[in-house]
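Following: one structure in structure tokens, then a few remarks.
The values are calculated or read from the model by the stated rules, or taken from the named source; none is laboratory data. On a predicted model such as this, the values are computed, not experimentally measured, just so you know. Cβ coordinates were reconstructed from backbone atoms using ideal geometry, including for glycine residues, and neighbour counts include every protein chain displayed.
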Amino acid sequence: MAAETNYVILGTGQLGLAIMDELLARGAAGSLTLVNRSGRVGETLPAGVQLATGDMNDPAVVARLCADADVVFMCAQPPYDKWPELWPPLMQAVLEGLAQTQARLVFGDNLYMYGPSGGRPIREDMPYAATGRKGKTRAQVAEMVLAAHRAGRVPAVIGRASDFYGPRVTDSAFGDRFFDAALAGKPADLVGNLDMPHTYTFIRDFARGLVTLSAEESAYGQAWHVPSAPTLTTRAFVDLVAAAIGQPVRPRPAGRLLLTVIGLFQPMVREIKEMLYEWEEPHVVDHSRFAEAFGAQTTPHAEAIAETVAWYRARTPAS
């Protein structure tokens, strides 16, 4: 980690705070500033970490908040059901703002732009073949980032992870709807075929991968799949959760028909249906390119799940 590197993290959600943890664990010198719109974070920030308030949709605000930054991590995102309308303008504002600085951009991305893989391992050289609105939006935003790099406007690198879980992760397939229910002994909501292989990424491994990319000059101008622990079926993941909490877990998977019916009344469920293909075919992410270039340190699922369960237990008041 370079001495006196100034970091700005745009977004104080589950990924932004995991990046904060990783930077502090590596002994990052220089400044570390988090940015959000509310001016509030749901926990006490470590000593030396600053919180700034600003609207990231305004390029002038981005330029001001990142004026002294060496590295900017982009972790903010619009509401899940508003991506097509709000994601491109948000990224455009961030890129325009950063173009007025000397900062490098690290974008925490997902895998939606590839679309269904047909069961093949998902590699960085696959075409952007998504046909759904969220996948198309992710492809558009990624192209904006890489185009800004190619044009010499903003040095940028993209790190992509699969569906993630871990401490602070509440908005995910294995988020609060699953872990809170499992700990309470209630049916735990999931989607799709539980017996399909599926790569799940521990949030701390995602953060570690992004911080690694931020320091590697050879990584910039490209998209990389960050390392994840070995792929397993969703059912096997559930079994590891049951072992960690010391009691059976009753998964309640929703298929396409049920999601269609529920989606008539709940807009967020309609959005989930678009991505159901990830759980209807093998969803296996290949991170060998990253591993060959930078190494691949990952947390075993059993260890990561134990840490996640401990966080949820501390978060959920005893009944």
Original post:
Among the residues of the range 43-56, is there at least one that is without any contact (Cβ under 8 Å) to a residue 40 or more places away in the chain, surrounded by fewer than 16 Cβ atoms within 10 Å (Cβ to Cβ) and within 19 Å of Asp171 (Cβ to Cβ)?
Top reply: yes
Original post:
Gly295: loosely packed, with under 14 Cβ neighbours inside 10 Å, modelled with pLDDT of 95 or more and farther than 29 Å from Glu22 by Cβ, yes or no?
Top reply: no
Subject >> Search result, residues across the range 90-129 that are β-branched (Val, Ile, Thr) and either outside the structural domain of Ala147 (by TED's automatic domain parsing) or farther than 25 Å from Asn57 by Cβ (or both) >> reply: Ile122
Original post:
From the list Ala188, Ala223, Ala173, which residue is aliphatic (A, V, I, L, M), in contact with an Asp or Glu (Cβ under 7 Å, 6 or more places away or on another chain) and modelled with pLDDT under 95?
Top reply: Ala173
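Condition check ((1) out of contact with any Leu (no Cβ under 9 Å at 6 or more places or on another chain); (2) among the β-branched types (Val, Ile, Thr); (3) part of a helix (DSSP H, G or I)) across all residues:
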residue	(1), (2), (3)
Leu86	yes, no, yes
Pro89	yes, no, yes
Glu96	yes, no, yes
Gln102	yes, no, no
Phe107	no, no, no
Gly118	yes, no, no
Glu124	yes, no, no
Tyr128	yes, no, no
Lys134	yes, no, yes
Original post:
How about the range 65-111: which of its residues are without any contact (Cβ under 8 Å) to a residue 12 or more places away in the chain and charged (D, E, K, R)?
Top reply: Lys82, Glu85
Original post:
From the list Ala69, Ala25, which one is out of contact with any strand residue (DSSP E or B) (no Cβ under 8 Å at 6 or more places or on another chain) and either closer than 26 Å to Gly152 by Cα or surrounded by fewer than 16 Cβ atoms within 10 Å (Cβ to Cβ) (or both)?
Top reply: Ala25
